[in-house]
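Beneath this line is the structure, given in structure tokens, with notes to follow.
The values are calculated or read from the model by the stated rules, or taken from the named source; none is laboratory data. Owing to the predicted nature of the structure, the values given are computational and were not obtained by experimental measurement. So basically every Cβ, Gly included, is an ideal-geometry build from the backbone, and we count neighbours across all protein chains shown.
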Amino acid sequence: MAKPKKPAPTAKGEEANDVVHKYLKKQNRPYSAVDVFNNLGGQVGKSNVLKALTALAEEKQIHAKPNGKQWVYVAKQDDLQAPSKEDLDAMDSKIAKLKDDVAALKEETREAQAVLNGLTNSLTNEQIEQRLRELEEENSKLEERLSSLRSGSTRQQLSAEDRKRIDKNLEAMQKEWRKRKRMFNDMWAAVTENIQGSLAEFRETVGVETDEAAGVDINADPLKGLV
């Protein structure tokens, strides 16, 4: 049968005072006697922690202050070593870096919020499908009209009113086109931000075709050259 382990020896007297004092100076924050005992992990017994704190306070090596039903103890500030110029410079550099990190995170948050707003404010899938059907139908009619105009069979029938109506429809569709392109570009930037390798290859893999790749110009006038 294994022998029971003997409890580890704990500091007493001046040794306990020294352990407690060094701990308070290192932490540089207020603690109760129970906190100090628990945080020392058994290095000093509970009664000896209280004796040490009382002795250190009486010797004015630490500050003691009542806080409700218990006392709290903290190391005297003038006992602490003043930081060197190198330490201060290092802290200034760290603070500057943290400020830059905060600014970068704020910018990332702003961009992510913009993408989220675009997604939440966009049409539902059902509304998009309905709008696409409407646009396809309208586009089909316009293609027929343009085909007739290009063939010359109705070249003289393009009145100022017809031109105005076609221009208005074209402007509305181009506006919708730009809106959807902007939404896609925002989402595409968010999705591909951390992707390694060629974006062109990734675009081809997921089946994305841009206006440029398709040879389409959003600003092109389909009526150019027609009367």
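So which residues in segment 160-185 are surrounded by 13 or more Cβ atoms within 10 Å (Cβ to Cβ) and of a type in the set (A, V, I, L, M, F, W, C)?
Result: ILE166, LEU170, MET173, TRP177, MET183, PHE184.
Could you look through segment 189-223, keep only residues that are over 34 Å from the mean Cα position of the chain (by Cα) and of a type in the set (Gly, Ala, Ser), and pick out the one that is nearest to TRP177 (Cα to Cα)?
Checking each candidate, the answer is ALA220.
Looking at (1) touching a residue at least 12 places away in the same chain (Cβ under 8 Å); (2) within 42 Å of the chain's Cα centre (by Cα), find the lone condition where ASN38 falls short.
(1)
Which one of GLY197, GLY225, GLY152, GLY215 is touching a helix residue (DSSP H, G or I) at 6+ places or on another chain (Cβ under 9 Å) and at pLDDT below 80?
Of GLY197, GLY225, GLY152, GLY215, the one residue that is touching a helix residue (DSSP H, G or I) at 6+ places or on another chain (Cβ under 9 Å) and at pLDDT below 80 is GLY225.
Which ones in segment 19-40 are part of a helix (DSSP H, G or I) and surrounded by 14 or more Cβ atoms within 10 Å (Cβ to Cβ)?
Of everything in segment 19-40, those that are part of a helix (DSSP H, G or I) and surrounded by 14 or more Cβ atoms within 10 Å (Cβ to Cβ) turn out to be VAL19, VAL20, HIS21, TYR23, LEU24, LYS25, GLN27, ALA33, ASP35, VAL36, PHE37.
Listed residues LEU105, LEU88, LEU80; which is of a type in the set (A, V, I, L, M, F, W, C) and at pLDDT 85 or above?
Just one listed residue meets the conditions, LEU105.
Determine which member of the set ILE95, ILE166 is at pLDDT 75 or above and within 42 Å of the chain's Cα centre (by Cα).
ILE95
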